[in-house]
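For reference, the structure discussed in these notes is given below.
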Amino acid sequence: MAGAESHELSRAEARRAAYADLGTAAFQFSRTFVDVQAVINGRHFGINPEWQQVDPALYSTLGSRQDDVAHAAMIVQLHGPMEIVDLAWDIYAQCQRAERRLAEYAVVLRPGAEEARRRAEEAWNAVSKARGIFLSNGRAHLEGQPIPLEGEPYLHTLDRPSLDRES
């Protein structure tokens, strides 16, 4: 019995680490996305807008961050369950979409810049939302709760009554 219990604890810890690594990779992708977007914003919306090149190393970092998300999703795929794996790959798909929207924003001419920026920001928000849904469901799975959670799982804590209100 002790061996089986130890094995389950080890599996749970491996899952927890895999889920955390994916959440971290997605967060780092988002941070790099914002850094690239800031340079592009300066081209169109600064006080004295002027064209400036995005440092190729920054684009390279964004690509590496996206690869990190894919690698982390693969590790989650090894640990499962399938509902969590599907959510992990959704994060990667949202990162790909965000990168495409950012590339479109980088080459748009000034008249279309506002719309391109809006699409890039929506894609960035989708990465954050996918990360939140993944982490909430991952936590639920680790706590033995049913998954997938319904609705906006990263907001579920707002629905819980606080100890102050329970009288």
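The values are calculated or read from the model by the stated rules, or taken from the named source; none is laboratory data. Since we're looking at a predicted model, the values are computed, not measured. Virtual Cβ from ideal backbone geometry, glycine too; neighbours counted across all protein chains shown. Note: areas computed on protein heavy atoms with side chains; ligands, DNA, RNA excluded. Shrake-Rupley method; radii C 1.70, N 1.55, O 1.52, S 1.80 Å.
State whether one or more residues within region 39-62 are closer than 29 Å to PRO148 by Cβ, in a loop (DSSP other than H, G, I, E, B) and in contact with a helix residue (DSSP H, G or I) (Cβ under 8 Å, 6 or more places away or on another chain).
Within region 39-62 (the criterion being closer than 29 Å to PRO148 by Cβ, in a loop (DSSP other than H, G, I, E, B) and in contact with a helix residue (DSSP H, G or I) (Cβ under 8 Å, 6 or more places away or on another chain)), the answer is no, since none of the residues qualifies.
Between PHE45, PHE27, which is among the aromatic types (Phe, Trp, Tyr), surrounded by 14 or more Cβ atoms within 10 Å (Cβ to Cβ) and within 30 Å of VAL107 (Cα to Cα)?
On the way: PHE45 fails: surrounded by 14 or more Cβ atoms within 10 Å (Cβ to Cβ).
Every option except PHE27 fails the conditions.
Condition check: buried (at least 17 other Cβ atoms within 10 Å of the Cβ), modelled with pLDDT under 95 and not charged (D, E, K, R). Does ALA116 satisfy that? Spell out the reasoning first.
Numbers: buried (at least 17 other Cβ atoms within 10 Å of the Cβ): yes; modelled with pLDDT under 95: no; not charged (D, E, K, R): yes.
Against the criterion (buried (at least 17 other Cβ atoms within 10 Å of the Cβ), modelled with pLDDT under 95 and not charged (D, E, K, R)), ALA116 does not qualify.
Being farther than 13 Å from LEU22 by Cβ and either modelled with pLDDT under 95 or of a type outside the set (D, E, K, R) (or both) is the requirement here; does MET82 meet it?
Numbers: farther than 13 Å from LEU22 by Cβ: yes; either modelled with pLDDT under 95 or of a type outside the set (D, E, K, R) (or both): yes.
So MET82 fits the description; yes.
With respect to ALA106, determine if the residue is modelled with pLDDT of 95 or more and either in a helix (DSSP H, G or I) or surrounded by 15 or more Cβ atoms within 10 Å (Cβ to Cβ) (or both).
No.
Which count do you get for residues in region 1-20 that are more than 16 Å from GLY132 (Cβ to Cβ), at pLDDT 85 or above and not hydroxyl-bearing (Ser, Thr, Tyr)?
Going through region 1-20 one residue at a time, the tally reaches 8.
Can we say ALA17 is of a type in the set (Gly, Ala, Ser) and open to solvent by 70 Å² or more (accessible area, probe 1.4 Å)?
No; evaluated as a whole, the condition is false for this residue.
Inspect region 74-85 for any residue being under 20 Å from TRP124 (Cβ atoms) and in contact with a helix residue (DSSP H, G or I) (Cβ under 7 Å, 6 or more places away or on another chain) and give the result as yes or no.
Looking for residues that are under 20 Å from TRP124 (Cβ atoms) and in contact with a helix residue (DSSP H, G or I) (Cβ under 7 Å, 6 or more places away or on another chain), one finds none in region 74-85, hence no.
Matching residues to (1) without any contact (Cβ under 8 Å) to a residue 24 or more places away in the chain; (2) more than 25 Å from GLU122 (Cβ to Cβ); (3) of a type in the set (A, V, I, L, M):
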| site | (1), (2), (3) |
| --- | --- |
| SER6 | yes, yes, no |
| LEU9 | yes, yes, yes |
| ALA17 | yes, yes, yes |
| ALA20 | yes, yes, yes |
| GLY23 | no, no, no |
| ALA26 | no, no, yes |
| PHE29 | no, no, no |
| GLN37 | no, no, no |
| GLY42 | yes, no, no |
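Quick check: anything in region 56-72 more than 19 Å from the chain's Cα centre (by Cα) and not polar (S, T, N, Q)?
Yes, region 56-72 contains a residue that is more than 19 Å from the chain's Cα centre (by Cα) and not polar (S, T, N, Q).
Surrounded by fewer than 18 Cβ atoms within 10 Å (Cβ to Cβ) and in contact (Cβ under 8 Å) with a residue 40 or more places away in the chain: which single residue out of GLU122, GLU83, GLU99, GLU143 fits that description? Walk me through how you get there before you give the answer.
Working: GLU122 fails: in contact (Cβ under 8 Å) with a residue 40 or more places away in the chain; GLU99 fails: surrounded by fewer than 18 Cβ atoms within 10 Å (Cβ to Cβ); GLU143 fails: in contact (Cβ under 8 Å) with a residue 40 or more places away in the chain.
Sole residue among the options that is surrounded by fewer than 18 Cβ atoms within 10 Å (Cβ to Cβ) and in contact (Cβ under 8 Å) with a residue 40 or more places away in the chain: GLU83.
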